[in-house]
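Peer 1: Take a look at the following structure, please.
The values are calculated or read from the model by the stated rules, or taken from the named source; none is laboratory data. Quantities reported herein were computed from a predicted structural model and do not represent experimental measurements. As a convention, Cβ positions derive from the backbone with ideal geometry for all residues, glycine included, and neighbour counts pool all protein chains shown. Just the protein is used for accessible areas: all its heavy atoms, side chains included, with ligands, DNA and RNA removed. Shrake-Rupley method; radii C 1.70, N 1.55, O 1.52, S 1.80 Å.
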Amino acid sequence: MSIKNFQEIILKLQQFWSEENCIIQQPYDVEVGAGTMHPETFLRVLGPEPYSVAYVMPSRRPTDGRYGENPNRVQKHLQFQVILKPSPENVQDIYIKSLESLGIDLKKHDFRFEEDNWESPTLGAWGVGWQVLLDGLEITQFTYFQQAGGLDLNPISCEITYGLERIGTFIFKVESIYDLPWNDTFTYGDIRLQEEIEFSKYNFELADTRMLSSLFEMYEKEAYRLLENGNILPAYDYCLKCSHTFNLLDSRGAISVTQRVSLIKRVRDIACLVAKLYVKERENLGYPFLNKVEENI
Amino acid sequence: MMKMVEFLLEIGCEEIPARMLEEGIQQLEENFKRELEKFNLKIKDVKTFKTARRLTLTAKISEKEEDREEIVYGPPQKIALDDKGNFTKAAMGFARKNNVDVNSLEFLEKGNGKYLSFKKEVKGKSAIDILSEILPKVLKKINFRKTMYWREDKFRFVRPIRNILAILDGEIVPFEIAGIKSSNYTFGHRFLGSKKIEVKNFMEYKSKLEENFVIIDEEKRKNKVLNEFANIEKETGYFIHEDMKLLEEVINLNEYPTAIFGKFQEKFLSLPEEVLITIMRKHQKYFYLRNKVKKVVPNFITVINLPQDEEGEIIEGHERVLRARLEDGKFFFQKDLKRDISSHLEELKGTLFQEKLGSYHEKVLRMEEISSFITEYLNLKEKEKEQIKRAALLSKCDLVTEMVGEFPELQGIMGGIYAREQGYPENVWKSIYYHYKPEGFEDEIPPTIGGKIVSLSDKIDSLVGILIVKGAPTGSKDPFGMRRMGNGIYKILIEGKLELNLEKIFEQVFQIYSQNLDFDIVAKKKELKEFLELRLSFILKEMGFLYDEIRAILKYGIYNPYDGFKRISALKKIRGNENFNAIFLADRRIKNIISKQDYTPKGEVNIDLFEEEEEEKLYGIYLSLEREIRNYILDKKYDLALEEISRFSMPLENFFDKVFVMSDNIQIRKNRLELLKAIGVLFESFCDFSQFVKEKK
């Protein structure tokens, strides 16, 4: 069966990973720069409990906005994120099967795993892995997480992040992501172009930097206040808000090089504290997912 | 002679990064040999192979260790026998403990006495047992520069190990590592090959893999690609830019590499070649081509991991990706060109060079000043001076252009191109264009005088600034690349044949920095000098000079490396000849004698105090040569100066043979020391000859 449009890629991947026993989650409702920041990744990879999950995550990178004028670069794109914890031995093969389920015949394409180690200074996280290139186009980031929130991970999770627009341009052989057929009637451009134009204008020109600076301070304060009360998940929301606020300030050119380092550290500090307390909390709960898996066996 | 059998090991991994394959395979071989040497096994014909997904080793080793005889010693004879010559209890105990008949015991010499002993047959271990024991160690001891965990057992490797083939003479060598049990299976190409291939020996391994689209031999992969390159060149009449580094990389990325030929639209040729090349070479790992008149053509070559591009879809895909990249490049180029390069100067105020050293705006102002010091020393024409100063000021403007934001490796080059396109004089744009060179020891220095000066200004400014705020690099750490800066400065001055008084320039740069920074200038100068000594030694060593030669001229070269280079080159030519050996031996002797005195001679000789003929002769030579030698040195005619210095060898030898310096007559002794001092000072004006050591034949 061949894929007819962009939304079928999403449907197909969801179906594929559902059959691989992943929980199919939904996008998180806070702005993030990458699918990794979704609590379903950042928090679930911590601690000993097994967890496999897949979801679409719109990722906002304000500085990548191009007012809709660049055919491949946008301030918001869609990632399809998979977390497999622990990482199975045949994880590469499973991933390849997922591409084949999209109708891509890899015997006829130049496919490779090329070294690319991922790092997120704001999350205190890094991993080792590859970018996946298909006929020279980067379609996926494939990472074995080693650390998150400054904590060593065990077991190791495998993160697979598909760039949905990239896969779309590959399958439909279009020059511009705006030409992707979203469904049989609408193109990606029909649905997203105006959003790109307006948000580029906001990110680069209109965002009120004084307001954003004070919001950063307020969000940070709120995060720590919540953490003091052991209110971990809401605190993490505020950590994410700090991160996005930082990105907006950055795209407005309001951050000097020296400030950048210290602001990133402030976000990371919250993330690391959240991670530490989350692990503690799961331990206090007796790692309930460990039992769940045992029951299944 | 023990039978030799074939061993074959293949570590099957998820894709190993190309840059770490070499260190992996080297260590595999070293560790294997080292572990095996601990046993009595013969080993020969060790061969290794590497691809992105496997590290392979094969060797011939003896089937088992030779059986051998070992002597087990017991108590000394005195204790083993009683007065009557019968075995004592101690002897009986020794026999019992070792489970041997008392009568088979004998007394054998050890050290200075005889001991109760017996000979024991030790069975050699079989190679298969030994391999089972050592292979896990061999693998664990491979240290990649970046490793990862993937399992709960915390085993570390460059990427997950997924398969291990280990056979000796067709038999599986059993062991387990990272949850993988060894087997006699390998696996083929990810998409075209079988996932499970049984093999019995290396020949079969190699041929079966090839049937399954894996070429195990790196040379063979390389030749395949080079053949395809040759065909493309023949068909098109173009020339592929030779790029061994990229070739090595694509050879290591692909188990079945095939070169395919693609094109891009002519309209992109309006982009500077530097941009086209960066996008193709750095970002897409494509090879680019030139035509007969050396112009880049709108084509490229990519190396894929398949035997062919059956339906032409692959090249279309690559062309699409390249087009998007070039489209980006064109957009940036056109956008950047709309603004004069100098208009970015103001924006540099917002771009930090280093926290304490300020913005790039401050940096270029310093560079402007430093470049004018240098042009002063070099006595350039006024117009040239002004142009080079201007180039120094504009040299970092491209950092805030769109193009350099996207392709940082084009910094400097892009600024030069924009300045050229916007009509700046050649002296200005070329000085900007080349000012990052040399980027490594292998790289060439800037070809123009302006490029050299702006490059020097940049490196001197960074070097001194970082030295002040961070100190000189220690150990293997050099986060700011200071060593490269130091090397670059020396390389430019030596290869560029520029005579410059660096000491004065550094002094001026310290003064500039002291206006805004608080630091101990004396201590920092000392630190800089020590740092520079190491850099100059390194550079000269790389140029093929020996350590004693380098030490002899080091202090002359630190602040004027080109002068130092001329001295050391003259020394190198003459070294080894008899006279020369006599000179450095004499110089050492002079320094030695003088250092032992409790007063310092000044080199003032009184001819009335000469007693011996040799003294007079030596002084006579001194008088006749001194002025000439000094003039040659002043004129930097170092070959001639050395020739004259060599003429001291006979008189000096005679002097030391016949004259006893430490005469009882204090007056005479002092006068002899004065004579030696005078000669020592003269020698010293060329170099420190005493540093030389005799060459080993």
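Peer 1: Which residues among the range B:337-363 fall inside the zone where the amide N is under 20 Å from a point 7 Å beyond the Cα of B:Gln515, along Cα→Cβ?
Peer 2: B:345-363
Peer 1: Sticking to Cα atoms, compute the Rg of the range B:343-543 to one decimal and its Dmax as the biggest Cα-Cα distance, whole number, in Å.
Peer 2: Taking only Cα atoms of the range B:343-543, I get Rg and Dmax of 16.0, 46 Å.
Peer 1: Counting other Cβ atoms within 10 Å, keep those with at most 15, restrict to DSSP loop, and tell me which trypsin sites (Lys or Arg not before Pro) in the range B:261-336 are left. Present the calculation step by step, with values, prior to reporting the outcome.
Peer 2: Details: sites: B:Lys263, B:Lys267, B:Arg281, B:Lys282, B:Lys285, B:Arg290, B:Lys292, B:Lys294, B:Lys295, B:Arg320, B:Arg323, B:Arg325, B:Lys330, B:Lys335; in loops: B:Lys285, B:Lys292, B:Lys294, B:Lys295.
Here the sparse-neighbourhood loop sites are B:Lys292, B:Lys294, B:Lys295.
Peer 1: Also: Could you work out, residue by residue across B:321-333, how many beta carbons of other chains sit within 10 Å of that residue's beta carbon, and then give the average as an integer?
Peer 2: Other-chain Cβ atoms within 10 Å of each residue's Cβ, averaged: 3.
Peer 1: Also, quick follow-up: Counting other Cβ atoms within 10 Å of each Cβ, which GluC sites (Glu not before Pro) in the range B:515-611 have at most 16 and sit in a DSSP loop?
Peer 2: Sparse-neighbourhood loop GluC sites (Glu not before Pro): B:Glu604, B:Glu611.
Peer 1: When only DSSP loop residues count, what GluC sites (Glu not before Pro) in the range B:234-270 have their Cβ near at most 11 other Cβ atoms within 10 Å?
Peer 2: Taking the range B:234-270 and a limit of 11 other Cβ atoms within 10 Å, the loop GluC sites (Glu not before Pro) found are B:Glu242.
Peer 1: Something else about it: If you take the charge dipole of the protein assembly as shown about its Cα centre, with +1 on Lys and Arg Cβ and -1 on Asp and Glu Cβ, which of B:Gly481, B:Asn98, B:Leu393 is farthest toward its positive end?
Peer 2: Of B:Gly481, B:Asn98, B:Leu393, it is B:Asn98.
Peer 1: Amide H of A:Arg66 versus every other amide H placed in the peptide plane: which residues, excluding those fewer than 5 positions away on the same chain, fall under 5 Å?
Peer 2: Distant-sequence amide H within range of A:Arg66: A:Gln75.
Peer 1: Moving on to the next point. Find the relative contact order for the range B:218-337 and round it to a whole percent, using C-alpha pairs within less than 8 Å whose residues are 6+ positions apart.
Peer 2: Once divided by the residue count of the range B:218-337, the mean separation gives 30 percent.
Peer 1: Got a sec? Charge dipole of the range B:567-691, +1 on Cβ for Lys and Arg, -1 for Asp and Glu; which of B:Leu585, B:Tyr638, B:Leu625 is way out at the positive end?
Peer 2: Positive-most Cα among the choices belongs to B:Tyr638.
Peer 1: Tell me, what is the percent relative contact order of chain B, built from C-alpha pairs under 8 Å that lie six or more residues apart? Numbers along the way, then the final one.
Peer 2: Numbers: 1073 pairs, mean separation 50.3, N = 697.
It rounds to 7 percent for chain B.
Peer 1: In addition: Roll a 1.4 Å probe over the protein chains and send me the accessible area per residue for the protein assembly as shown in Å².
Peer 2: On the way: 45770 Å² over 994 residues.
I get 46 Å² per residue for the protein assembly as shown.
Peer 1: Relative contact order for chain A: what percent, with Cα pairs under 8 Å and sequence separation of 6 or more?
Peer 2: RCO, chain A: 21 percent.
Peer 1: Using only the Cα atoms, what convex hull volume per residue in Å³ does the range B:65-181 have? Write down the numbers at each step before the final one.
Peer 2: Numbers: hull volume 21.6 nm³, N = 117.
Hull volume normalised by residue count: 184 Å³.
Peer 1: Please give the solvent-accessible surface of B:Val122 in Å², to the nearest 10, using a probe radius of 1.4 Å with every protein chain present.
Peer 2: Using a 1.4 Å probe on the heavy atoms, I get roughly 30 Å².
Peer 1: Around B:Glu628, with a cut-off of 11 angstrom between Cβ atoms, what is the net charge of the other residues, counting Lys and Arg +1 and Asp and Glu -1?
Peer 2: Combined, the nearby Lys, Arg, Asp and Glu give 0.
Peer 1: So what is Rg over Rh here for the protein assembly as shown, counting just Cα atoms and using Kirkwood for Rh?
Peer 2: Value, to two decimals: 1.06.
Peer 1: Also, quick follow-up: With the cut-off at 1.5 for a/c, could you classify the range B:567-691 from its C-alpha gyration tensor as rounded, prolate or oblate?
Peer 2: On the way: a/c = 1.84, a/b = 1.74, b/c = 1.06.
It is prolate, given that a/c is not under 1.5 and a/b is the larger ratio.
Peer 1: Of B:Lys617/B:Lys694; B:Lys50/B:Lys220; B:Lys572/B:Lys637; B:Lys526/B:Lys555; B:Lys3/B:Lys110; B:Lys42/B:Lys137, which pairs sit farther than 23 Å apart, going by alpha carbon to alpha carbon?
Peer 2: Checking Cα-Cα distances, B:Lys617/B:Lys694; B:Lys3/B:Lys110 exceed 23 Å.
Peer 1: To the nearest 10 square angstrom, what accessible area does A:Cys272 show with a 1.4 Å probe?
Peer 2: 40
Peer 1: Check cross-link reach from A:Lys173 to the lysines: straight Cα distance under 26 Å, and skip same-chain residues fewer than eight apart.
Peer 2: Answer for A:Lys173, where 26 Å is the Cα cut-off: A:Lys4, A:Lys12, A:Lys76, A:Lys97, A:Lys107, A:Lys108, B:Lys263, B:Lys267, B:Lys282, B:Lys285, B:Lys330, listed by chain and number.
Peer 1: Looking only at GluC sites (Glu not before Pro) in DSSP loops with at most 16 other Cβ atoms within 10 Å, what is the longest site-free stretch of chain A?
Peer 2: A:176-297
Peer 1: What is the Cα centroid distance between the range B:137-201 and the range A:138-158, reported in whole angstrom?
Peer 2: 22
Peer 1: Oh, and also: How many angstrom separate the Cα center of the range B:231-282 from the Cα center of the range B:514-558?
Peer 2: 42
Peer 1: A further question on this structure: Where does each of B:502-508, B:445-451 land if you order them by average Cβ count within 10 Å, highest first?
Peer 2: In descending order of packing, they fall as B:445-451, B:502-508.
Peer 1: Taking 7 Å along the Cα-to-C-beta vector as the label spot, tell me the B:Ser663-B:Arg647 distance in nanometres, rounded to one decimal.
Peer 2: 2.6
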